[in-house]
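K.L.:
Pasting a structure below so you can have a look.
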Amino acid sequence: MRIRAEYRIGPELRFLSNLETMHMMERALRRARIPFALSEGFNPHIRLSMGTVLPVGLWGEKEYFDLELDGKMDLEELCQDLNRVLPEGAHIIQARELAVTTPSLMKAVNCAAYGFILQMMQQDIATICQNILKADELLIPSRGKKKGVDKDLRKGIYKIDTQLTEAGVCLMFWVGTGEPLNIRYDELTDLLQQQGVPTQAIVDVFREGNYIRINGGLYSPLER
Amino acid sequence: MKDRLFRDILPRVSKPIRYTGNELNIIKKDWDSSRVKMVFAFPDVYEVGMSHIGGRILYGVINETTDHLLERSFAPWPDMEKLMREEGIPLYALESYRPLTDFEVVGFSLQYELSVTNILNMLDLAGIPIFSRERTDDDPLILAGGPVAFNPEPFSDFFDLFMIGDGEEALPELLDEVERVRDLPRQEKLLRLARVEGIYVPSLYEVSYNSDGTLAAMEPLYPEVPRRVRKAIVADLDKAFYPDNPILPYMTVVHDRAVLEVMRGCQRGCRFCHAGMVYRPVREKSVATLQRQARAQLENTGYEEVSLASLSTLDYTGVNQLVKGLVAEHGSKGVGVALPSLRVDAFSIDLANEVQKVRKTTLTLAPEAGTQRLRDVINKNVTQEQLYDAVEAAFKSGWLAVKLYFMIGLPTETEEDLDGILQLLEEVKGIGNRYARRPVEIRASMACFVPKAHTPFQWQPQDSIEKLQEKISYMTRYRRRGIKLSFHDSRVSYLEGIIARGDRRLGQMIYQAWKNGAVFDGWSEYFRFEHWQKAMEESGLDPQFYVSRVRSFDELLPWDFVDSGVTKDYLRKENEKAMEGVPTLDCRREDCTGCGVCPSFEVEIDLRGGDESAH
C-alpha cells in the first residue's frame, strides 16, 4: 500500500536539515511500529521518500512524504500512532492512499508558498506588492547552482497575498519550484530587501505549503 | 534566552541544530525541586559529545535514579563561539538554557589530552574563573572525570576536583555529599569531598621536586586527605544502571545508533594500552540483560542499528549468542548489528555472517605492529596466520573494504617492523584479490605511539617528531593501488605525549597555549602547533623532559598516587618482559598474572556468557 502524508514541522524544529527530518520520520515509524516496507539488498531501508525539501531555518505548515507499507493499514490509525511518538513540533495532519500510477512528489510538486512576517506599515507592504507585480523583470543574484548570475524571478512569482497576523503582516508568495524556474526563499528575501524592506523587519519566514500547479490552478499533493 | 537564540543567533551559524536541545527523550527536571544541579560538559562539539556512552550513562543515572539534576553542554563551534562572545551570550545548558554559572557542579569529560584547551575556553565562555585558586564560594565546583583523569596532575590548576574511575555509582555519591557540605566554605567543602571514594582534590596536596626536575614528594596537606586515591569501581556491571531511554539527537552524530556496553575492562594485556590497564578487571553483562537493554533502546529511539561496544567485543564470552539473538529478534525489521574494531584472532566466519545478513560494515582490524617480534613486545597476541584467516573469511563472505590499525614509534621498533606493515598490507590485498568479487580497498591508519601513564611503557621514551617524520616518509615511498596509508600528525602525538605523562608544572603552558589561540586541537583544521611552541617558550617548559627521557624504575611518577588497582611492580615486570619479547597471556584463560586489581579492590573477573563462548 502506497500512502502520502501531510505533516507540519513547527518553528522549534526549523533548524533540521532534510536528512535529519528524514531520520526523525524513519525513527518515528520504527517506534510506532508502522508496518513499513523495506527495500531489498544488504542495506535495507524504509521505502520512504521525503518529497519536499524544507530549507534549514524555515518551519513548514504543510510538507509531504510518500511511504510504502507492507500490507494495509487504517490511515487514521497510522496518523495517530505516529503522532503519539513524534517529538514536539512534528505532527502528521492527514494521509491518503496513492494509486500505483501517481507520480512521485518530487516530480509532481512545482509550486510552494512562502510566508514572510513583516513588522512594517501595511501601506508600505501594499506598495511593495504592487511594485513586484507591476515589474516586467525582477533581477536578483541567483542563490542556487548558478551563483552570482542574475536571475529573473518575475515569471516564477505566481501570486502575492497579504494577511494581518498577531506577529505582523504576513506577506505570502506563491512561487515556482523545480522545473522550469526554481525560486528559493532566500532569493525572495533578497528581493524584499531590494524593494526596501529592512532585514530586521523580517521577523519570521515559513513555508505555508507545497502545491501542484496545473493550468494556473493550485492543487494540494493530496488531491492529485 | 531561548527566543533570542532561535531568532537572532542560530540562523547565523553553521549546523544550528547543535545548539537547540529539545531532542526526543530529553529529561527536563524541575529546577527548584532538584537537589544538586550539575551540568555535564563535553569539551567537543555536540555530535562528538552525544556519541559518548559515559555521558549517556551519567545523564540517565542522575536524572532517572536520583533527585539531583544533570544537564548537558558542549563546546560551541568557532563560528558560534564568536557570535556568543559578540552578543554576550554565556555558555548555557541545553535543557534549561541556563548559563553554567547557575549550576553547583560543572563536570567535564576528559576523554582526550588536548581537549583541555576547549575546557578552558568553555570555562571562559561561561564566565567561570579558569584557575581553581581564583574561584570563590559563589562559583560552581569544577570537576573532571574520564580516562585522562587517571593522570590528573597536568590539569590540576584548572579543576577543583577529579573523579577517577567508574562514574555511575561514584557520581550520585559525590552529589549527595556536595549537598551535605553545601554551606561550608570552599576549602572545607573540598576537604570533605576529598574523602569520597574516587575523588581527588589537587589543592590539598603539596608537591616538591628534585634538582633534576623529577618529583621528590607529593604530600597531603591534612591528615584526613588520602595519600593515595583509589579509583571508583562498579563491581557488578550487569546490575549497574544503563540507559534504556537515551536521548535521540536530531543531528546525525558520530555514532548514531543504539549502543550496548557488553563489558567493561579488557585483560588481553596489550602493553601500550591505557584503557586495558586502568579499567580492570573484566566485568561482563549477561546476554539476557543485553537483550533486554537492546529491546528497550530500540523501542524508545527507533534506531536502525545497534552497536556492541567494549574494549574488545569479540572477547565477550556471550558474543555469539548475543549477536545471533539480536539478528533473529530485530533483523527482519531492518535493524542491523554493528561490531566495532574486531580482534583478529577471535574473529569467526560464523559471526561475521550473522552481522552481514542485515547490514554490511567495513571490517576493522587492529594488528598494531607489522612483525611477530614487535607484536610480542607489545603483547598483542595475534599471529600472521590468524590475521590472514580472518581477512580471507571476510572477503569470502562479501566484505570489500578492510581497515587496519597500526602504530609506529613503538619501543624497540626498527625498519624491519615498518617493512612488516607494508608486507602485511600487500598480503591482505592479495587475499582480497583472490577471494573478493571486486577489487578490494585496504586502508591502513598509522598512529604514532604515545607512552601512557599506568601502562608497562610508562617509563619508555617517545619518538621525537623528527624521528616519526622519518618513519612516515620511509613508509610513504611505497604506493600501491587499492592500499591507502594515513598517518596521525606527529606533532599532535608529541603534545599528547607531554600531557599524558606530565605533572602539575604543565598548567601554565596549557593556559598560555589557550591564550595564544589553541582550541579544538583534536581537529586538524584548527590545530596550530605554533600556539603550543610559543606557550612552551613563554612558560619555560622543557618538553624533552616529559617526552624523550628514559625514566628510571625508582622514579616517583606524578600519577603514582592514583591507585588503579594494577601495581607498579606488575607494570615493571611487564616492561621487562616486553624488552625480552616475552608475551603474557590473558588471565581469563591462563593463570592469574598478578596485576593486583582483584585482591586490592576485592573484585573478581566477572564472565557471564557461559558455554556459548566465542572461543
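The values are calculated or read from the model by the stated rules, or taken from the named source; none is laboratory data. Owing to the predicted nature of the structure, the values given are computational and were not obtained by experimental measurement. Reconstructed Cβ throughout: ideal geometry from the backbone, glycine too, with neighbour counts over all protein chains shown. For the accessible areas, the whole protein counts, side chains as well, though only heavy atoms, and no ligand, DNA or RNA atoms are used. Shrake-Rupley method; radii C 1.70, N 1.55, O 1.52, S 1.80 Å.
K.L.:
Identify, by number, the condition in (1) outside any helix (DSSP H, G or I); (2) touching a strand residue (DSSP E or B) at 6+ places or on another chain (Cβ under 8 Å) that B:Ser493 doesn't meet.
P.N.:
For B:Ser493, the failing item is (1).
K.L.:
OK, next. Taking the options B:Arg438, B:Arg443, name whichever one is surrounded by fewer than 17 Cβ atoms within 10 Å (Cβ to Cβ) and in the same structural domain as B:Asp489 (by TED's automatic domain parsing). Walk me through how you get there before you give the answer.
P.N.:
Values: B:Arg443 fails: surrounded by fewer than 17 Cβ atoms within 10 Å (Cβ to Cβ).
That would be B:Arg438, the only listed residue that is surrounded by fewer than 17 Cβ atoms within 10 Å (Cβ to Cβ) and in the same structural domain as B:Asp489 (by TED's automatic domain parsing).
K.L.:
Of the conditions (1) open to solvent by 10 Å² or more (accessible area, probe 1.4 Å); (2) under 29 Å from the mean Cα position of the chain (by Cα), B:Val225 fails just one. Which one is it?
P.N.:
Looking at each condition in turn, B:Val225 falls short on (1).
K.L.:
I'd like the residue in the range B:241-264 that is touching a strand residue (DSSP E or B) at 6+ places or on another chain (Cβ under 6 Å) and assigned to a loop (DSSP other than H, G, I, E, B) and, out of all such residues, is farthest from the other protein chains (Cβ to nearest Cβ). Working first, answer last.
P.N.:
Residues of the range B:241-264 touching a strand residue (DSSP E or B) at 6+ places or on another chain (Cβ under 6 Å): B:248, B:257-264.
With assigned to a loop (DSSP other than H, G, I, E, B) added as a condition, the list becomes B:257, B:262.
On the way: B:Arg257: 11, B:Val262: 23 Å.
Going through the qualifying residues, I end up with B:Val262.
K.L.:
For the range B:1-102, list the helices (runs of 4 or more DSSP H) that sit wholly inside it and hold at least 1 residues that are outside the structural domain of B:Tyr303 (by TED's automatic domain parsing) and of a type in the set (Phe, Trp, Tyr); which are they?
P.N.:
Values: elements: B:46-49, B:53-65, B:78-87.
Passing ranges, in order: B:46-49, B:53-65.
K.L.:
Go through (1) open to solvent by less than 10 Å² (accessible area, probe 1.4 Å); (2) touching a Lys or Arg at 6+ places or on another chain (Cβ under 6 Å) one by one and return the number of the condition B:Leu91 breaks.
P.N.:
(2) is the only condition that B:Leu91 fails.
K.L.:
Being out of contact with any helix residue (DSSP H, G or I) (no Cβ under 6 Å at 6 or more places or on another chain), part of a helix (DSSP H, G or I) and open to solvent by 10 Å² or more (accessible area, probe 1.4 Å) is the filter here, so list the residues in the range B:105-122 that pass it.
P.N.:
Across the range B:105-122, the qualifying residues are B:Ser115, B:Asn121.
K.L.:
Quick one: what pairs do we get from the range B:17-41, first residue on the phi < 0 side of the Ramachandran plot, second acidic (Asp, Glu) and crowded, with 21+ Cβ neighbours inside 10 Å, C-beta under 7 Å, 6+ apart or different chains?
P.N.:
Sorted first by the residue in the range B:17-41, then by its partner, the pairs are B:Ile26/B:Glu95; B:Lys28/B:Glu95; B:Val39/B:Glu71.
K.L.:
Pick from the range A:35-58 the residues that are of a type in the set (Val, Ile, Thr) and open to solvent by less than 30 Å² (accessible area, probe 1.4 Å): which of them is farthest from the other protein chains (Cβ to nearest Cβ)? Full working, then the answer.
P.N.:
Our first condition is that a residue be of a type in the set (Val, Ile, Thr); within the range A:35-58, this holds for A:46, A:52-53, A:56.
Filter once more, so that each one left must be open to solvent by less than 30 Å² (accessible area, probe 1.4 Å): A:46, A:52.
Working: A:Ile46: 7, A:Thr52: 18 Å.
Within the range A:35-58, the match that is farthest from the other protein chains (Cβ to nearest Cβ) is A:Thr52.
K.L.:
Okay, moving on. Restricting to the range B:459-497, and then to whatever is under 21 Å from the mean Cα position of the chain (by Cα) and of a type in the set (Asp, Glu), can you tell me which residue is least open to solvent (accessible area, probe 1.4 Å)? Show your work before the answer.
P.N.:
Applying the first criterion (under 21 Å from the mean Cα position of the chain (by Cα)) to the range B:459-497 yields B:462, B:487-497.
Now narrow it down to the ones that are of a type in the set (Asp, Glu): B:489, B:496.
Working: B:Asp489: 55, B:Glu496: 30 Å².
Among those that are under 21 Å from the mean Cα position of the chain (by Cα) and of a type in the set (Asp, Glu), it is B:Glu496.
K.L.:
Could you please give the count of residues in the range B:551-591 that are among the aromatic types (Phe, Trp, Tyr) and in contact with a helix residue (DSSP H, G or I) (Cβ under 7 Å, 6 or more places away or on another chain)? Walk me through how you get there before you give the answer.
P.N.:
As a first pass, look at the range B:551-591 and keep what is among the aromatic types (Phe, Trp, Tyr): B:553, B:559, B:561, B:570.
If we keep only those that are in contact with a helix residue (DSSP H, G or I) (Cβ under 7 Å, 6 or more places away or on another chain) too, we end up with B:553, B:559.
Final tally of qualifying residues: 2.
K.L.:
Still on this structure: Based on what the data block shows, is A:Glu166 of a type in the set (D, E, K, R), in the same structural domain as A:Met120 (by TED's automatic domain parsing) and more than 20 Å from the chain's Cα centre (by Cα)? So that I can check it myself, show each step before the final result.
P.N.:
Working: of a type in the set (D, E, K, R): yes; in the same structural domain as A:Met120 (by TED's automatic domain parsing): yes; more than 20 Å from the chain's Cα centre (by Cα): yes.
Against the criterion (of a type in the set (D, E, K, R), in the same structural domain as A:Met120 (by TED's automatic domain parsing) and more than 20 Å from the chain's Cα centre (by Cα)), A:Glu166 qualifies.
K.L.:
Moving on. Out of the range B:371-415, which residues are closer than 27 Å to B:Arg434 by Cβ and acidic (Asp, Glu)?
P.N.:
Once the filter is applied, which keeps residues that are closer than 27 Å to B:Arg434 by Cβ and acidic (Asp, Glu), the range B:371-415 yields B:Glu385, B:Asp389, B:Glu392.
K.L.:
Looking only at the range B:149-188, count every residue that is acidic (Asp, Glu), assigned to a helix (DSSP H, G or I), more than 18 Å from B:Trp559 (Cβ to Cβ) and in contact with a Leu (Cβ under 9 Å, 6 or more places away or on another chain) and tell me the total.
P.N.:
Within the range B:149-188, residues that are acidic (Asp, Glu), assigned to a helix (DSSP H, G or I), more than 18 Å from B:Trp559 (Cβ to Cβ) and in contact with a Leu (Cβ under 9 Å, 6 or more places away or on another chain) number 2.
K.L.:
What residue, among those in the range B:20-49 that are under 14 Å from the mean Cα position of the chain (by Cα) and not charged (D, E, K, R), is most open to solvent (accessible area, probe 1.4 Å)? Walk me through how you get there before you give the answer.
P.N.:
Taking the range B:20-49 and keeping what is under 14 Å from the mean Cα position of the chain (by Cα), we get B:42-44, B:48-49.
Filter once more, so that each one left must be not charged (D, E, K, R): B:42-43, B:48-49.
Details: B:Phe42: 13, B:Pro43: 4, B:Val48: 42, B:Gly49: 5 Å².
Only one residue tops the list, namely B:Val48.
K.L.:
While we're on this one: Restricting attention to the range A:99-155, which residues are more than 23 Å from the chain's Cα centre (by Cα), open to solvent by 80 Å² or more (accessible area, probe 1.4 Å) and among the charged types (D, E, K, R)?
P.N.:
Residues satisfying the conditions are A:Lys134, A:Asp136, A:Glu137, A:Asp150.
K.L.:
So, in the range B:373-413, how many residues would count as being more than 22 Å from the chain's Cα centre (by Cα) and at pLDDT below 95? Walk me through it before giving the result.
P.N.:
We begin by selecting, within the range B:373-413, every residue more than 22 Å from the chain's Cα centre (by Cα); these are B:373-377, B:381-402, B:411-413.
Next cut, at pLDDT below 95 only: B:381-402.
Within the range B:373-413, residues that are more than 22 Å from the chain's Cα centre (by Cα) and at pLDDT below 95 number 22.
A quick yes/no check of all residues on (1) within 14 Å of chain A (Cβ to nearest Cβ); (2) open to solvent by 10 Å² or more (accessible area, probe 1.4 Å):
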residue: B:Tyr279; (1), (2): no, yes
residue: B:Ala294; (1), (2): yes, no
residue: B:Val306; (1), (2): yes, no
residue: B:Thr313; (1), (2): no, no
residue: B:Val319; (1), (2): no, no
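K.L.:
I would also like to ask the following. Pick out, from the range B:513-615, the helices (runs of 4 or more DSSP H) lying fully within it that include 2 or more residues that are open to solvent by 80 Å² or more (accessible area, probe 1.4 Å).
P.N.:
Numbers: elements: B:529-539, B:543-547, B:568-580, B:597-601.
In the range B:513-615, B:529-539, B:568-580 are the helices (runs of 4 or more DSSP H) which contain 2 or more residues that are open to solvent by 80 Å² or more (accessible area, probe 1.4 Å).
K.L.:
With B:Pro456, B:Pro451 as the choices, which residue is closer than 29 Å to B:Gly49 by Cα and open to solvent by less than 10 Å² (accessible area, probe 1.4 Å)? Give the steps one after another, and end with the answer.
P.N.:
Numbers: B:Pro456 fails: closer than 29 Å to B:Gly49 by Cα.
None of the others qualify; the one that does is B:Pro451.
K.L.:
Next up: Restricting attention to the range B:364-407, which residues are charged (D, E, K, R), assigned to a helix (DSSP H, G or I) and open to solvent by 10 Å² or more (accessible area, probe 1.4 Å)?
P.N.:
Step one: of the range B:364-407, the residues charged (D, E, K, R) are B:368, B:373, B:375-376, B:380, B:385, B:389, B:392, B:396, B:403.
Going one step further and asking which of them are assigned to a helix (DSSP H, G or I), we end up with B:373, B:375-376, B:385, B:389, B:392, B:396.
Once the filter is applied, which keeps residues that are charged (D, E, K, R), assigned to a helix (DSSP H, G or I) and open to solvent by 10 Å² or more (accessible area, probe 1.4 Å), the range B:364-407 yields B:Arg373, B:Asp376, B:Glu385, B:Asp389, B:Glu392, B:Lys396.
K.L.:
Being open to solvent by 20 Å² or more (accessible area, probe 1.4 Å), within 14 Å of another protein chain (Cβ to nearest Cβ) and among the charged types (D, E, K, R) is the requirement here; does A:Arg96 meet it? It would help to see each step written out before you state the result.
P.N.:
Numbers: open to solvent by 20 Å² or more (accessible area, probe 1.4 Å): yes; within 14 Å of another protein chain (Cβ to nearest Cβ): no; among the charged types (D, E, K, R): yes.
So A:Arg96 fails the test.
K.L.:
Please go through the range A:15-34 and pick out each residue that is facing chain B (nearest Cβ under 10 Å) and either surrounded by fewer than 16 Cβ atoms within 10 Å (Cβ to Cβ) or of a type in the set (Asp, Glu) (or both).
P.N.:
Across the range A:15-34, the qualifying residues are A:Leu19, A:Glu20, A:Glu26, A:Arg33.
K.L.:
Right, something else. Quick one: count up the residues across the range B:433-480 that are farther than 30 Å from B:Leu556 by Cα and not in a loop (DSSP other than H, G, I, E, B).
P.N.:
Here is the first cut: in the range B:433-480, the ones farther than 30 Å from B:Leu556 by Cα are B:433-446, B:469-480.
With not in a loop (DSSP other than H, G, I, E, B) added as a condition, the list becomes B:433-435, B:441-446, B:469-476, B:480.
Within the range B:433-480, residues that are farther than 30 Å from B:Leu556 by Cα and not in a loop (DSSP other than H, G, I, E, B) number 18.
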